[in-house]
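The values are calculated or read from the model by the stated rules, or taken from the named source; none is laboratory data. Model, not experiment: these values are computed from the prediction. For neighbour counting, all protein chains shown are included, and Cβ atoms are generated from backbone atoms with ideal geometry for every residue, glycine included.
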Amino acid sequence: MKVLISLWLMKQKAVIRNLFRRWTTALFTIIMVVIYGGLFVMMLKSSEKAEISFNMQSVHLSILLGLGFSAVMIFTQLLQKRKALFYEQDSFYLFCGPFTRTQIMGYLMLQSILGASTFSLFVLFIMVSFSFGMPMNLPFLLLCFLCFTLLYLFWINATDFLYIMAITNERYKRLNHLAAAGMIVVIIVVFLLSLAINHFEIKTGLMSFAESSLFYLIPVFGWVKLILISFVMQNWLSMILGIALLLLSYVLLAAAFLNFKGDFYEQAMMDSAALTHYMENIKSGKQNSFMQEVKVKKTYVKFMEGAGAIYSKNILLMKKTRSFLRLQDILVVMIYFLVSFFLPHGGFPVFCYMLVFWLFAMIQDSDMMHELKNYQIYLIPDAPLKKLLYVMLPTLEKVMLLTLLAVGIAGMVYEKPLLLIVQYIVMLWGYLLVFLSSSVASVRIFKSRNNAMLENMMRMLIMLLSAVPSIAFAVIYVLSSSNFSFDDTAVSIMTYSSLSMNVVISFLIIFSCKNMMNGRELDSE
Amino acid sequence: MIEVNGLTKAYGAFTAVENIDLIAKPKEITILLGPNGAGKSTTIKSIVNLLKFKGTIRICGYDNRTIQAKRCFGYIPEAPILYDLLTIDEHVEFIGRAYRCADYKALADKYIALFHLEDKRNSIAKELSKGMRQKLSMLLALIISPRALLVDEPMVGLDPASIEETLRLFQDLKADGVSILISTHIIDVVEEIWDVAYIMDKGQIINRVKREDTQEETLKETFFASTEGDSDESAD
């Protein structure tokens with residue numbers, strides 16, 4: 001086992017060494033760590049002296065936010081069709097090398113710790129950022145970190161365990177679906193019970209679901225909430241009960257995992273190779289994360305000439321995969337709408353501001369990011385600016401249309417005046433332009449260096465920086481106007497001036513990045 | 001014609017190729033030979049303008065950064081770059097329209113028949129075998145009627161019959177006046193078709209050989225004499 005532990009440590013060392021191999025990447029890494037680390041420390045500092053508020057609704061909502069986010073991540077992983085225990089290299093050396101099954105399983109569990117704690121930190125970040133006015137002190141944050149780490153560790157290992165059972169025995173092929181369905185059934189039952197207790201009043205039923213002890217009946221998720229709520233309430237006995245349940249479930253799972261006797265090496269190695277190649281293709285932009293899974297529809301587009309052919313080709317791909325309007329995008333918007341509807345201070349503006357996060361995620365997942373790194377596009381004999389605009393256009397059109405629909409329908413449900421709806425649509429389009437151009441800029445800056453996490457962090461930073469001028473403009477406008485009041489005219493002026501600013505900034509960024517579509521500016525030196 | 005003058009490409013402190021001069025003339029098949037890590041791929045990628053470099057590169061008389069240069073060369077990479085969900089016909093239409101080619105459909109029909117891909121025209125790329133993907137990649141480089149053709153390890157994934165067909169195709173293109181530059185380390189495959197060979201080692205051209213200047217000596221013998229039997233070479 002010592003050898004495997006040193007292999008794991010060596011791999012982590014190699015990842016860090018790779019980040020610091022070139023001074024540019026090293027500098028970016030340090031800047032990112034300082035910025036994000038600083039943000040985190042600032043959050044901790046500001047909450048260090050704070051006492052935990054006894055506004056229990058905020059406490060429940062903050063914990064639920066963390067749990068909800070975790071549930072989405074966990075369920076996504078649990079239901080993923082493409083699964084493997086390791087990447088190809090690890091699987092080759094581990095399964096072919098002189099290691100016992102228990103050692104291999106132990107190694108697998110060991111490498112899950114890093115993933116689980118990273119996820120946990122991310123959840124913590126989200127919880128602190130959207131803490132619904134709830135101040136959090138250091139011991140509470142530490143306990144959150146431990147609980148969420150254990151929660152992820154349990155589910156990562158449970159997913160692996162269900163996977164090896166499925167590949168060992170055909171009868172267990174759908175076990176992961178059953179586990180997910182089981183969890184959903186429990187959640188629905190608890191929810192229905194909460195509704196029934198509250199005479200089927202949806203809003204009070206939802207609040208009761210979030211706050212009542214019934215939630216603790218949900219395995220693992222409920223126990224995490226039990227621990228955290230008990231800590232806040234200083235109900236130590238309940239807290240110990242929650243910890244005991246969580247630990248016991250993990251120990252039982254680990255025992256089953258380490259002592260698994262089935263024969264799974266052959267399939268596990270094949271799946272590892274398939275997953276590795278799949279991930280490599282995604283990294284190199286040859287395919288995106290969902291294309292492999294969808295049915296391809298027979299359809300047709302009339303191809304434009306020159307750089308326009310890129311646009312036609314992307315529209316054709318969208319039509320073939322029916323990805324212009326995906327069910328998952330509509331679902332996310334609906335979830336945002338429901339959250340804004342039930343939040344204590346929610347409503348139409350909150351929904352629109354939540355859509356800003358959705359815009360960010362949509363661009364991350366779009367084909368545009370892959371296309372920006374595809375050198376077949378660089379070889380097309382046309383002006384680089386035209387190529388860049390045609391690469392961006394399908395994503396721009398798609399997200400603009402979705403934003404229009406989402407804000408339009410939500411505005412009608414909230415019975416808002418047409419002018420206000422238009423203003424929010426225009427504001428979101430402005431952000432969309434900035435986000436799109438910042439994504440282009442981040443690809444240009446990072447060139448062909450492959451570090452998705454760093455790239456995403458940098459992208460977020462560029463997006464924030466790009467949005468600064470329009471925010472500053474709005475502030476200056478407010479400060480310089482004597483007798484300023486938030487009437488319709490003022491809001492209109494701010495919206496449209498901010499949009500103009502965003503358009504100008506976006507085009508400046510795009511123009512300065514245009515040469516990347518010749519390719520040579522993108523391969524890192 | 002492909003003209004490379006004083007090409008130098010460094011990755012940080014490491015110089016991958018240094019001061020390379022190279023010409024691939026029309027009606028000639030020029031081979032770039034060298035052991036692994038000699039700088040062949042860096043040279044090819046610099047020529048197709050995917051890398052920043054020092055020196056000058058002209059394709060068909062145009063600076064390789066210009067649209068005119070892009071319009072006149074075809075590039076067949078070692079690993080085909082294809083859209084998994086597009087069919088062969090859709091790939092053809094995409095490239096044909098993007099390059100504004102007038103007669104791409106007729107040319108595509110010709111090459112589809114030559115590569116025996118007729119019954120796969122409506123198959124999406126991810127359903128094609130490795131060899132078929134390689135053929136599609138070649139087809140896309142050829143439908144633009146290139147006056148210069150750059151080929152990186154062309155025979156990877158092809159069966160023996162397809163290799164023969166591809167070699168014949170290169171000779172036909174050469175007869176039509178196309179400048180062909182092939183980068184490879186499998187010498188046997190190009191032994192019958194080469195006209196000029198540049199032998200690279202450690203980022204430099206160490207020998208330039210013309211077929212008519214070699215007496216009875218094979219390209220393989222010339223190569224090993226130049227590199228003193230570099231063990232990295234897989235001269236199979």
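Every listed requirement among (1) more than 30 Å from A:TRP223 (Cβ to Cβ); (2) at pLDDT 80 or above; (3) β-branched (Val, Ile, Thr) is met by A:ILE104 save one, (1). Helices (runs of 4 or more DSSP H) fully within the stretch B:1-108 that include at least 3 residues being under 26 Å from A:PHE303 (Cβ atoms): B:67-72, B:88-98. For the stretch A:1-26, a residue qualifies if it is surrounded by 11 or more Cβ atoms within 10 Å (Cβ to Cβ), assigned to a helix (DSSP H, G or I), within 14 Å of another protein chain (Cβ to nearest Cβ) and modelled with pLDDT of 75 or more, and the qualifying residues are A:ASN18, A:ALA26. The sole residue among B:LEU140, B:LEU136, B:LEU167, B:LEU158 that is outside any strand (DSSP E or B) and touching a Pro at 6+ places or on another chain (Cβ under 8 Å) is B:LEU136. Restricting the stretch B:84-130 to residues that are over 23 Å from B:ARG71 (Cα atoms) and small (Gly, Ala, Ser), the residue that is farthest from the other protein chains (Cβ to nearest Cβ) is B:ALA113.
Can you tell me which residue is farthest from the other protein chains (Cβ to nearest Cβ) among those in the stretch B:58-83 that are without any contact (Cβ under 8 Å) to a residue 24 or more places away in the chain and among the β-branched types (Val, Ile, Thr)? Here the answer is B:THR66.
Within the stretch B:149-170, track down each residue that is within 18 Å of A:ILE380 (Cβ to Cβ) and touching a helix residue (DSSP H, G or I) at 6+ places or on another chain (Cβ under 6 Å). Answer for the stretch B:149-170, where residues must be within 18 Å of A:ILE380 (Cβ to Cβ) and touching a helix residue (DSSP H, G or I) at 6+ places or on another chain (Cβ under 6 Å): just B:LEU150.
For residues in the stretch A:237-268 being in contact with a Ser or Thr (Cβ under 7 Å, 6 or more places away or on another chain) and free of Cβ contacts under 8 Å to residues at least 40 places away in the same chain, which is surrounded by the fewest Cβ atoms within 10 Å (Cβ to Cβ)?
The initial filter retains those residues of the stretch A:237-268 that are in contact with a Ser or Thr (Cβ under 7 Å, 6 or more places away or on another chain), namely A:238-239, A:242, A:258, A:262-264, A:268.
Right, trim to free of Cβ contacts under 8 Å to residues at least 40 places away in the same chain and you get A:238-239, A:242.
Values: A:SER238: 17, A:MET239: 19, A:GLY242: 23.
If we take residues in the stretch A:237-268 being in contact with a Ser or Thr (Cβ under 7 Å, 6 or more places away or on another chain) and free of Cβ contacts under 8 Å to residues at least 40 places away in the same chain, then A:SER238 is surrounded by the fewest Cβ atoms within 10 Å (Cβ to Cβ).
A:THR168 falls short on exactly one of the conditions (1) in contact (Cβ under 8 Å) with a residue 60 or more places away in the chain; (2) under 28 Å from the mean Cα position of the chain (by Cα), and that condition is (2). The lone criterion from (1) part of a helix (DSSP H, G or I); (2) at pLDDT below 70 left unmet by A:ASN450 is number (1). Yes or no: the stretch B:133-152 includes at least one residue that is charged (D, E, K, R), in contact (Cβ under 8 Å) with a residue 24 or more places away in the chain and within 30 Å of B:THR8 (Cα to Cα). So far as the stretch B:133-152 goes, yes, one or more of its residues are charged (D, E, K, R), in contact (Cβ under 8 Å) with a residue 24 or more places away in the chain and within 30 Å of B:THR8 (Cα to Cα).
Evaluated against (1) at pLDDT below 90; (2) away from every other protein chain (no Cβ under 11 Å); (3) on the phi > 0 side of the Ramachandran plot, B:GLY55 falls short on exactly one condition, (1). Of the residues in the stretch A:365-386, at least one is more than 14 Å from chain B (Cβ to nearest Cβ) and out of contact with any helix residue (DSSP H, G or I) (no Cβ under 8 Å at 6 or more places or on another chain).
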